[in-house]
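The structure appears right after this line, and notes come after that.
Just so it is clear, none of the values below were taken in a lab; they were calculated from the coordinates. In this text, all values refer to a predicted model and were calculated from it rather than measured experimentally. Quick reminder, even Gly has a Cβ in these numbers, built from the backbone with ideal geometry, and neighbours come from all protein chains shown.
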């Protein structure tokens, strides 16, 4: 694997590696499922920390382009067998289909500096302020989900939008940004004191964490969303159909 780092460039090493990996995995050699070199060996070869290398690889794993296999290593995903959930819905649409009336308990808008993960996802500089939207939502009885969203500054959001409206309706009608693709990570965690207070549960109670990466047409990243759900109020169902 030929990866070269430009030590004179202002582009962080992990972004340089990610960009070169994207090109490599499209070559015939790697599209056939060739293994990537061992992370320890590759990090030594490049003269960088394993954490920096892993940051680049993790991004491509999140996107389904690379696959980690325990005891084997990392290889290019066989894109012919990747399963995608079609016709996904926004939270408001999901609740509407189930006949649940949505109540907004909190809505906080701030501007913040991005983490390295967000810089990598949106391909922006760390000094670029981005819009952060926090929403505590639920039914009329109690809140059951806390959302934290970060938006690509290239969209042009001002922070003065009426976020009580459906989010993707705002993006489409006000900013000509059409949401096309969503990639998700689902995990379980224990509620910390902040989540416990917001969701009206006890510290340590189980919470479902749903991380969503949202892209517009052209595969441009537009939203990084993290949702924290009360485990007694939400069931995540996946329906798959086998081709016969």
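Across the chain, the fraction of Cα-Cα pairs farther apart than 32 Å, rounded to a whole number, is 30%.
How big is the C-alpha Rg of the range 157-206 next to the rule-of-thumb value 2.2 N^0.38 Å, as a ratio?
1.69
For the pair residue 22 and residue 176, label points projected 7 Å from Cα toward Cβ lie 2.3 nm apart. The slack in the chain from residue 192 to residue 40, taken as 0.36 nm per residue of separation less the alpha-carbon distance, amounts to 51.3 nm. The mean sequence separation of alpha-carbon pairs under 8 Å and at least six residues apart, normalised by the residue count of the chain, gives a relative contact order of 13 percent.
Using R0 = 25 Å, the C-beta based FRET efficiency linking residue 162 and residue 113 works out to 0.45.
Estimated from helices alone, the mean residue ellipticity of the chain at 222 nm is -7500 deg cm²/dmol (sum of -39500 (n - 2.57) over DSSP H runs with n ≥ 4, per residue). The packing ranking, built from the mean of other Cβ atoms within 10 Å per residue, places the peptides 224-231, 188-195 in the order 224-231, 188-195, highest first.
When each of the peptides 10-22, 208-220 is scored by how many other beta carbons lie within 10 Å of its residues on average, the order from highest to lowest is 10-22, 208-220.
Under the simplified labelling scheme, the residue 100-residue 232 pair shows an inter-label distance of 1.5 nm, with each label point 7 Å from Cα along Cα→Cβ.
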